[in-house]
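A quick write-up on the structure given underneath.
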Amino acid sequence: MVINPVKGTHDIIAEEANIYSGIEYDCRIVAELFGFQEIRTPIIEHTPLFLRSVGESSDIVTKEMYTFDDKGGRSLTLRPELTAGVMRSIVSNKLYANADLPLKYFYFGPCFRYERPQAGRYRQFHQFGVELVGATSYLQDAEVIILGKRILDSLGLEKVKVSINSLGDDLSRENYRKALKEYFSKNIDSMCEDCKRRLEINPLRILDCKVPEDRPIIEKAPKMSDYLSDAARVHYENVVEALKKVGIEVEQDDTLVRGLDYYTGIVFEFHMAEKDDVGAIGGGGHYKNLLAEIGGPDLEGVGLSFGLERLYYVFQQVNGPQTMDIGPDFFIMAMGEEEIELSFTLADILRSNGYAIEMNYETKSFKSLFKVAERKHAKFAIIIGEEEMTKNQLSVKNLKTQEQTVVKTDDMLMVFKSLLEDYMQDLEKKSLEENK
Ligand code: AMP
């Protein structure tokens with residue numbers, strides 16, 4: 001019986017994985033420029049962690065968690081996002097007491113949500129994100145948004161729309177919540193079941209409803225901006241102004257609430273400006289009470305996360321299909337059994353000296369070996385036949401120019417170094433000419 005992949009999961013293979021690594025590399029480099037360090041937390045956590053952080057009114061907690069009892073009867077959950085685990089780690093390891101504040105961590109990893117699979121939406125997907133805990137200034141909210149934007153810039157995704165909103169401070173949110181409850185109570189009978197449930201638990205979440213029939217009612221709902229306290233309004237304006245100063249224009253979106261309950265204050269999202277067919281590439285916001293909620297000290301934080309599948313998708317859309325030059329430096333073609341044995345040891349010496357090597361393990365015709373080497377995008381072929389064996393030499397062929405040279409086996413490390421340097425210089429020259 002054939003076993004299929006689990007619905008909503010996907011394999012990331014070879015060249016695709018290479019591009020994912022490239023994207024992750026850019027995320028890491030930019031995060032490090034902003035002073036963040038990596039944190040790795042477990043994929044499984046105790047279920048109450050997510051109930052208390054992501055929140056009982058979120059879709060994630062109500063319908064999407066992979067929750068199970070382990071053999072010891074503990075309720076565990078495959079993390080639906082990474083922020084909660086990072087907060088748990090900060091508390092478990094008392095990081096807030098042992099390191100300078102603010103704490104600044106970045107993370108990568110798989111997340112699990114039992115959602116309806118569709119374009120850009122998986123049941124296992126991957127996130128990159130950052131958390132800054134111990135935030136005391138509006139500048140830190142702005143800085144996390146700038147970090148996100150700079151990652152997108154470094155991936156060549158300049159045409160990104162940054163949407164921003166403020167969920168206000170406790171007082172503004174309480175007043176707004178009351179106003180929403182009053183407004184939606186009048187309309188709730190015609191709204192979807194989720195909205196009915198949200199009205200009781202957290203009416204703010206109704207603003208995030210995607211059911212088309214509910215949208216006209218939602219669009220006429222009271223606006224958060226009318227309920228912001230003076231302090232919250234000034235904070236919001238300061239963030240927008242700070243972003244403007246570094247050349248980031250934002251779209252202020254009154255209906256942006258995000259799907260997790262822990263956000264307070266500033267929230268934001270990144271979307272492709274032109275073709276937004278997979279939804280938000282990333283988003284985040286400020287959280288005031290999250291750490292305290294799970295037993296930590298009263299420290300505020302701000303974070304963001306990108307979906308790597310979505311970054312990959314828009315990266316391909318914008319930069320075109322990527323062909324990466326990931327072929328071996330040398331493909332050793334051995335003509336007979338004895339030659340194969342020699343190649344095997346040569347391959348080890350060359351790899352230990354930093355060269356990427358492939359070889360044949362069965363005798364095959366020259367012609368078919370050349371075809372394999374070309375398909376693998378090898379830079380050079382090393383040919384070892386009877387003559388090479390007896391004379392203790394190797395024939396080396398540049399597979400781009402077809403130039404062939406003979407190299408004494410004893411000299412190979414020295415000669416190969418300069419052959420590859422010349423090869424890379426030629427490549428660079430060509431690409432400069434092409435881009436002129
Ligand atoms: P969230 O943790 O809900 O704030 O989501 C942050 C980012 O993760 C989103 O902007 C998406 O890029 C990505 N994301 C969330 N859910 C999924 C999913 N089911 N499949 C793929 N990416 C997702």
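The values are calculated or read from the model by the stated rules, or taken from the named source; none is laboratory data. Being a predicted model, the structure only gives us computed values, none of them experimental. When we count neighbours, we look across all protein chains shown, and the Cβ atoms used for this are built from the backbone with ideal geometry, even at glycine. To get the accessible areas, we keep the full protein, side chains included, count just its heavy atoms, and leave off ligands, DNA and RNA. Shrake-Rupley method; radii C 1.70, N 1.55, O 1.52, S 1.80 Å.
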Exercise. Within the set of pairs 6+ apart or on separate chains, which have a first residue in segment 336-347 that is outside the structural domain of T363 (by TED's automatic domain parsing), a second that is surrounded by fewer than 17 Cβ atoms within 10 Å (Cβ to Cβ), and C-beta atoms under 9 Å apart?
Worked result: none
Problem set entry | segment 294-338, residues that are more than 10 Å from the ligand (Cβ to nearest atom) and under 29 Å from T47 (Cα atoms) | I294, G295, G296, P297, D298, L299, E300, G301, V302
Seminar exercise, completed: Among the residues of segment 200-220, the number that are crowded, with 18+ Cβ neighbours inside 10 Å and farther than 16 Å from R258 by Cα is 2
For this session: Say whether the condition of being of a type in the set (V, I, T), out of contact with any Ser or Thr (no Cβ under 6 Å at 6 or more places or on another chain) and either on the phi > 0 side of the Ramachandran plot or surrounded by 21 or more Cβ atoms within 10 Å (Cβ to Cβ) (or both) is met by at least one residue in segment 302-318.
Result: yes
For this session: List every residue pair whose Cβ atoms sit under 6 Å apart, with the two residues 6 or more apart in sequence or on different chains, where the first one lies in segment 300-315 and is free of Cβ contacts under 8 Å to residues at least 12 places away in the same chain and the second, anywhere, is more than 8 Å from the ligand (Cβ to nearest atom) and open to solvent by less than 20 Å² (accessible area, probe 1.4 Å).
Result: none
Problem set entry | Out of G354, G385, sole residue that is more than 17 Å from D329 (Cβ to Cβ) and small (G, A, S) | G385
Exercise. Condition test on L204, is it at pLDDT below 90, in a helix (DSSP H, G or I) and within 30 Å of A135 (Cβ to Cβ)?
Worked result: yes
Problem set entry | I382 vs. criteria away from the ligand (no atom under 16 Å from the Cβ) and either assigned to a loop (DSSP other than H, G, I, E, B) or open to solvent by 10 Å² or more (accessible area, probe 1.4 Å) (or both) | no
Problem set entry | Among (1) touching a helix residue (DSSP H, G or I) at 6+ places or on another chain (Cβ under 9 Å); (2) over 26 Å from T401 (Cα atoms), the one test that F380 misses | (2)
Exercise. Among the residues of segment 107-127, is any more than 14 Å from the ligand (Cβ to nearest atom) and in contact with a Lys or Arg (Cβ under 9 Å, 6 or more places away or on another chain)?
Worked result: no
